Amino acid sequence: METWPALFLFFVVFSSTVLTYPSGEIGMACKSMLPMHWTSAPQTSPPPYAISVSSTAFNPGDEITVSLTGLNDSSFKGFLLQAQTVGGGVAVGAFRIITPNTQGLVCNNIQNSSVSHTDSRNKQNISAIWVAPPDLSHVVFRATVLHNFTVFWAEVQSQILVSSSPQVSMSSKEVCGVQKFCFSTPAGCDPRDPNCYFMSSEALESGGFRFEMSGLSDGYVAIGFSDDNIMGNDDIYICVKNASDHIEVQRAFSTGRTTPSNKPLGKVEILATSFNNGLIRCSFISRNAISTQSRAGDSLYYVFLVHGPSSAGQILKHQRTPSITKQRVNISSSETQGGSWSTPLIIKAHGALMLVAWMTTGSIGMVFARYLKSIKKPLLGKDIWFQIHFWVMLLTVAATIVAFILAFVSRKGWSSGAEAHAIIGCIVMILSFFQPLIAFCRPSPQNNRRFVFNWFHMLNALVIKVLADADLFLGLQMLSSPNHWMVKTMGGFVGWEALIAITLDVNLWLKKREIYDDSQAKVKSEILLLLIYLCGSLAFVIALLVGIGKS
């Protein structure tokens, strides 16, 4: 009876000296990794044991040395050690026994797929060599460790090992609508095409779904399930590149237009992931209930497909408007849906108005107010330069307000997670709205406080212009293609504006120094520069308007 307290897990079904075990009870123990005859629960404190591995990456056939060690001289009497797929819960691969008094077990119908003890003596370290099988992408080593008869720790885990050359076999489009639900962008594209953004779902007889995702991205590809076609209150699965440039599967839930909150993977089994030449692919099984905030799932959802950058496994804002199914779809069905990254028309109109307002009319109004006051010809009781400045600036303010309303309607209200583009846009709209109101209250030219208004009016206009240009950069970055040509074009426009402004300032300085004798020549030079500026600006604006139209 002295050996009874030291026997681990399987004493009731096998002898410590015999390697043949009744398959039924061994199978149950292999799956749960819990002692069959213990009445006490596993310890919840941090385990005084650790699993170390000789490598965190592997290829099929590689040999990984796995060691189970007691920390701070902690010993153990028994153990059960397995390699499992992440979230899989079954033993994979096979061990080669190298430590005396340890033995291989048959689990998951694989010889030596688990390692156990053979005696009751205290141990502080055991090792075994695990041989990696093919067709695995992620592996974690798990152990249940027995300190004594009543004290044991379950879920002692190693770090995750990742295959160096995972092979992800994506479905062909021929099975879409026949065996699986598929959603792709562009519509009908082949998932084996790197330019195809693709997801598929297949209901499993055992419950849950098998999902596939693929797409060209340097950060992540994600799918979301929603009650409506607006982001927020959605279940999300993400295939994201981590700090080691490996792809990991994450689960999240979005509560609005903010970064989704990560959730435990739960009943997720990662089948395969890969990242090759910028192409992310992943395949996994989820037996989690797909739900939204309002109700548990009936398999009818709007499906979102999106991609974007990441930083060390943390997703950042997606680069394009999500591709969304046209209606709620049954992800258990066999049908095919297609989508596109097309920007909504209301957002295109918003962007076009802001471009016209701050790349043409607003700039023209500011040029007339600063450089063309020498045009003294009257028009409707005012100097012509003032009339042009007044009306084009009024048009600029009106376009800005309309653009703001369109964006507000598109977002269906203000979001607590508003990004920098929205915040700066609001500041531009507010300052633009008050600029003409202040101008209506300006003192007369003879008033000795007129200079205060002039300086305030000028500085406020400068702040508005700088913020508007910065906001255009941010907006175009969200609409731009992967090479960001629209952002680069906007950079060219800012450089063009700076060049013309410097030239006009030099011209104004020469005018004040009275280097020019002919006053008409002064006006002609300024008008010529204005025309050159308009031609260049229109070229930039037209290019960007075309880009927005095609976004």
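The values are calculated or read from the model by the stated rules, or taken from the named source; none is laboratory data. Just so it is clear, the model here is predicted, and its values are computed rather than measured. Please note: Cβ atoms are built from the backbone with ideal geometry, for glycine as well, and neighbour counts cover all protein chains shown.
Of all the listed residues (Ser201, Ser184), the sole one being in contact with a Pro (Cβ under 9 Å, 6 or more places away or on another chain), more than 30 Å from Thr65 (Cα to Cα) and either surrounded by 19 or more Cβ atoms within 10 Å (Cβ to Cβ) or of a type in the set (S, T, N, Q) (or both) is Ser184. Residues being more than 36 Å from the chain's Cα centre (by Cα) and small (Gly, Ala, Ser) are entirely absent from the range 389-402. Each residue in the range 435-452 was checked for being part of a helix (DSSP H, G or I) and under 23 Å from Thr400 (Cα atoms), and 6 pass.
Residue count for the range 274-291 satisfying the condition of being closer than 17 Å to Ser201 by Cβ and touching a residue at least 40 places away in the same chain (Cβ under 8 Å): 10. For the range 103-113, the criterion of being touching a strand residue (DSSP E or B) at 6+ places or on another chain (Cβ under 9 Å), surrounded by fewer than 19 Cβ atoms within 10 Å (Cβ to Cβ), farther than 30 Å from Asn276 by Cβ and of a type in the set (Gly, Ala, Ser) is met by at least one residue.
Checked against the criterion of being assigned to a loop (DSSP other than H, G, I, E, B), more than 27 Å from the chain's Cα centre (by Cα) and either surrounded by fewer than 18 Cβ atoms within 10 Å (Cβ to Cβ) or without any contact (Cβ under 8 Å) to a residue 12 or more places away in the chain (or both), the range 321-331 has no qualifying residue.
Considering only residues in the range 82-116 that are under 37 Å from the mean Cα position of the chain (by Cα) and not small (Gly, Ala, Ser), the one that is modelled with the lowest pLDDT turns out to be Val86.
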